[in-house]
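A quick write-up on the structure given underneath.
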Amino acid sequence: MADELIDVSADWAKRAYVDDAKYKAMYEASIKDPARFWGEHGKRIDWIKPYSDGAVRDVDYTGNVHIRWYYDGVLNVSANCVDRHLAKRGDQTAIIWEGDDPSKSKHITYRELHAEVCRMANALKELGVKKGDRVTIYLPMIPEAAYAMLACTRIGAIHSVVFGGFSPDSLANRIVDCESNVVITADEGLRGGKPVPLKANTDEAIKKAPGVKKVLVVRHTGGKIGWDAGRDVWWHEIAAKVPAECAPEPMGAEDPLFILYTSGSTGKPKGVLHTTGGYIVFASMTHHYVFDYHDGDVYWCTADVGWVTGHSYIVYGPLANGATTLMFEGVPNYPDSSRFWQVIDKHQVNIFYTAPTAIRALMREGEAPVKKATRKSLRLLGSVGEPINPEAWLWYYRVVGDSRCPIVDTWWQTETGGILITPLPGATKLKPGSATKPFFGVQPVMVDAAGDVLQGPATGNLCLINSWPGQMRTVYGDHQRFIDTYFKTYPGKYFTGDGARRDEDGYYWITGRVDDVINVSGHRIGTAEVESALVGNVKVAEAAVVGYPHDIKGQGIYAYVTLKAGQQSSEDLRKELVAWVRKEIGPIATPDVIQWAPSLPKTRSGKIMRRILRKIAENDFSNLGDTSTLADPAAVDDLVKNRAK
Ligand code: 6R9
């Protein structure tokens, strides 16, 4: 079943930008002469000073690693996402906002977007923000999040968006790491009818991030908040005073655009740095081809702007293309599990892009909530964030898309800036569960543990050779960590951290992370982060965290905890530790299972044997492998015997 090939209807293919032959020709050209290919496609963006032919591409994956694209060009991202559309589509809707409360929605035209972005840019200038400064954005899914991002790019400030679900501590760490002096937040967010105390969290975070001098606050729910008159500024008050015009700052193509923190296998989250020219070319081009975006289409990506998917495919890609992009504040099951499909009918959505975890959760509710809406406007479906199992894929295809909408299963990462492996609708026959083929310019290779490149059908670690313009340039403030994380394992290649299989048709099947990163509901969590939160509790001596298969979330978080001497395990303590991790990191890191471990299986050199812990968490005791190298083999027996239910 997993290998059945699904073709798109002839009607559908007629409208598509590319067919199979065109994909092959363009792909070949992109690999044969990348500088020429990307030199041509870079022109889809407006440049204040065009890049020269010789400056399209300058990449070295060895030594100190440098990646530069369009490097002598000058441009401004907000001008590309807003100003350049004014003449032709000033009155077209740029953003449809759908509130958490189904009775609340609004349309923002490109002309209105221009005024709001300019006002916010002027407000930031008033607060002392200058070109190159870092601004932290901690906002719910409201249009002001897009205004804030675009306002930063307008004046050349570097934004760092922090997901509204992160705790005050996580927010503080991110503010401190990039040394932002200004935070943009809201009184509260709203999800599923419940308020999220963003301003209170910000106040709490700033106690640990004293460098913050100004907080710009959007009034959203009108909820009660604390106020520091010397520091806090209402957005609506300053907006009423500043002009609705602000000249876009000319930026070098390689000037930083934004930082986005993401979890890795070790240490604290890293600040992934993207730069201006290459990122916007790549976000715009992938949005155009992967979603086959045509003028007038209504496009909806359900991600949060706190993740890279929200950056590239709610804000930058769609707006650079003059699209109508829908921004949804709520959750899939509020007021009920028909919400997504109701919103699709309400706003006549043509292209819908969501995550497998949402599909699996909605699938569990059966077909009735889907059938409550016609979904007639739908033309294309997309998936992102984690592998989609064929069962969920087929349900999405048959039930949601009525077997007439192709699905684009898009594989990519925060680090890649945009989609790298994906079907192109109209060109690529689909296989449920496979991300299929590389996008233009992308050269995946399968590598075995020894670093040898595998040919033909193969299973191995997924690496990329050959850069693409949207690639991250460095880890903010730590270039050595960039080199060590991505280019050391397999010298000369970018290592993704994912495992994959390439089948006999050259299709890629991503199997998931091969490092110590867990993908929970499409969110990356480093096991090291959860462990460090756990051992931060005074009652905990040691902790080891692994992922295990979870029906809805894809992977769940399984924590083995060794208590300090004198501490007694109990249901209350379990709850206390779960609450502790939620407070330290945020609800996305909530451990699903805590198993008390009198001791953890370790090698004689003291390394925790995660392979064994993963097996036990998976309830698979058949092949625990060689335990003879363990310092204390009895530790394993105890864990097996007491495996948590
Ligand atoms: C865009 C995004 C990246 C990790 C990535 C991989 C997993 C994303 C996927 C997928 C299988 C897909 N992933 N898309 N796995 N099929 N279509 O999610 O970025 O949050 O950085 O996560 O997500 O494991 O390495 P990010």
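The phi torsions of segment 431-439, fed into the Karplus equation with coefficients 6.51, -1.76 and 1.60 and a -60° offset, translate into couplings of 10, x, x, 10, 6, 6, 10, x, 6 Hz, rounded to whole numbers, with Gly and Pro shown as x. Among bridges DSSP assigns within the chain, what percent are antiparallel (round to 5)? DSSP beta bridges in the chain are roughly 60 percent antiparallel. The order of the peptides 414-425, 633-644 by mean Cβ neighbours within 10 Å, most packed first, is 414-425, 633-644.
Take the alpha carbon gyration tensor of the chain, find the square roots of its eigenvalues, order them as a ≥ b ≥ c, and report rounded if a/c is under 1.5; if not, report prolate when a/b exceeds b/c, else oblate.
Details: a/c = 1.40, a/b = 1.17, b/c = 1.19.
Cα axes put the chain in the rounded bin.
What does the charge count near Arg375 come to, summing +1 for each Lys or Arg and -1 for each Asp or Glu among other residues with Cβ under 11 Å from its Cβ? Computed value for this residue: +3.
Considering the dipole of the chain built from charges on the beta carbon (Lys and Arg +1, Asp and Glu -1) around the Cα centre, which of Gly39, Ala579, Ile225 is farthest to its positive end? Selected residue: Ile225.
Within segment 326-407, report the trypsin sites (Lys or Arg not before Pro) that DSSP leaves as loop and that have at most 11 other Cβ atoms within 10 Å. Don't skip to the end; give the middle numbers.
Values: sites: Arg339, Lys346, Arg360, Arg364, Lys371, Lys372, Arg375, Lys376, Arg379, Arg398, Arg404; in loops: Arg364, Lys372, Arg375, Lys376, Arg379, Arg404.
Filter output for segment 326-407: Arg364, Lys376.
Considering helices alone, the calculated mean residue ellipticity of the chain at 222 nm is -8000 deg cm²/dmol, with DSSP H runs of length four and up weighted by -39500 (n - 2.57) and normalised per residue. Using the Cβ-Cβ distance between Ser628 and Val538 with R0 set to 35 Å, the FRET efficiency works out to roughly 0.50.
Here is the link list: Lys130/Lys214; Lys539/Lys575; Lys376/Lys437. Which ones come out longer than 18 Å on Cα distance? Provide the component values of the computation, followed by the final result.
Values: Lys130/Lys214 13 Å; Lys539/Lys575 13 Å; Lys376/Lys437 28 Å.
Long pairs (Cα-Cα over 18 Å): Lys376/Lys437.
Among the chymotrypsin sites (Phe, Trp or Tyr not before Pro) in segment 572-645, those located in a DSSP loop and surrounded by at most 15 other Cβ atoms within 10 Å of their own Cβ are Phe621. At full extension, Thr511 and Asp484 could sit 7.4 nm farther apart than now, given 0.36 nm per residue minus the alpha carbon distance.
Note on the chain: with charges restricted to the Cβ of Lys and Arg (+1) and Asp and Glu (-1), its dipole about the Cα centre is near 580 debye. For Lys224, the aspartates and glutamates whose Cα comes closer than 12 Å to its Cα, not counting residues fewer than 8 places off in the same chain, are Asp187, Glu188. In this structure the amide hydrogen of Val59, modeled in the peptide plane, comes within under 5 Å of the amide hydrogens of Arg68, none closer than 5 places in sequence on its chain.
Placing pseudo-labels 7 Å out from each Cα toward the beta carbon at Val176 and Ser9 gives an inter-label distance of 5.7 nm.
What the Cβ-Cβ distance of Asp228 and Glu504 gives, at R0 = 51 Å and to the nearest 0.05, is a FRET efficiency of 0.20. Dipole orientation for the chain: of the candidates Ser622, Ala123, Ser569, Ala123 has the Cα lying most toward the positive pole (charges on Cβ; Lys, Arg +1; Asp, Glu -1). Within straight-line reach of Lys88, meaning a Cα separation under 19 Å, sit the following lysines at least 8 residues removed in sequence or on another chain: Lys43.
Each label point was placed 7 Å from the Cα along the Cα-to-Cβ direction; for Lys207 and Ser569 their separation is 3.3 nm. Scalar couplings 3J(HN,Hα) for segment 102-116, obtained by applying the Karplus form with A = 6.51, B = -1.76, C = 1.60 to θ = phi - 60°, are x, 8, 10, 7, 8, 10, 10, 7, 4, 5, 5, 4, 4, 4, 5 Hz; x denotes Gly and Pro. If R0 equals 45 Å, the separation of the Cβ atoms of Ile31 and Glu365 corresponds to a calculated FRET efficiency of about 0.55. Here the convex hull built on the C-alpha positions of segment 455-496 has a volume of 83 cubic angstrom per residue. Between amide H atoms placed 1.01 Å from N, distances below 5 Å from Glu542 occur with Thr562, all of them 5 or more places distant or on a separate chain.
Using +1 at the Cβ of each Lys and Arg and -1 at the Cβ of each Asp and Glu in segment 480-632, identify which of Tyr494, Ser521, Val546 lies farthest towards the dipole's positive end. Among Tyr494, Ser521, Val546, the one farthest towards the positive end of the dipole of segment 480-632 is Tyr494.
With 26 Å as the limit, write out which pairs from Lys564/Lys641; Lys194/Lys564; Lys488/Lys607; Lys22/Lys49 have Cα-Cα distances beyond it, or answer none. Walk me through the intermediate numbers first.
Details: Lys564/Lys641 21 Å; Lys194/Lys564 37 Å; Lys488/Lys607 21 Å; Lys22/Lys49 31 Å.
Beyond 26 Å: Lys194/Lys564; Lys22/Lys49.
Here is the short version for the chain: Cys81, Cys152, Cys178, Cys301, Cys405, Cys463 have no other Cys C-beta closer than 4.7 Å. Amide H contacts of His159 (H built 1.01 Å from N, in plane; Pro and chain starts excluded): Val135, Ile259 sit under 5 Å, all sequence-distant by 5 or more or on other chains. The ratio of the alpha-carbon radius of gyration of segment 521-642 to the globular-protein estimate 2.2 N^0.38 Å is 1.03. Note that segment 329-345 has calculated 3J(HN,Hα) couplings of 7, x, 10, x, 10, 10, x, 8, 7, 9, 4, 3, 6, 5, 5, 4, 5 Hz, one per residue in order, obtained from phi through the Karplus relation 6.51 cos²θ - 1.76 cosθ + 1.60 (θ = phi - 60°); glycine and proline are x.
Straight-line cross-link partners of Lys372 among the lysines, defined as a Cα under 21 Å from its Cα and at least 8 positions apart when in the same chain: Lys104, Lys346.
Since every read-out is calculated from the coordinates, none of them should be taken as a lab result. Please read these numbers as outputs of a predicted model, since none were measured by experiment. Glycine gets a Cβ as well: all are built from the backbone with ideal geometry, and neighbour counts include every protein chain shown.
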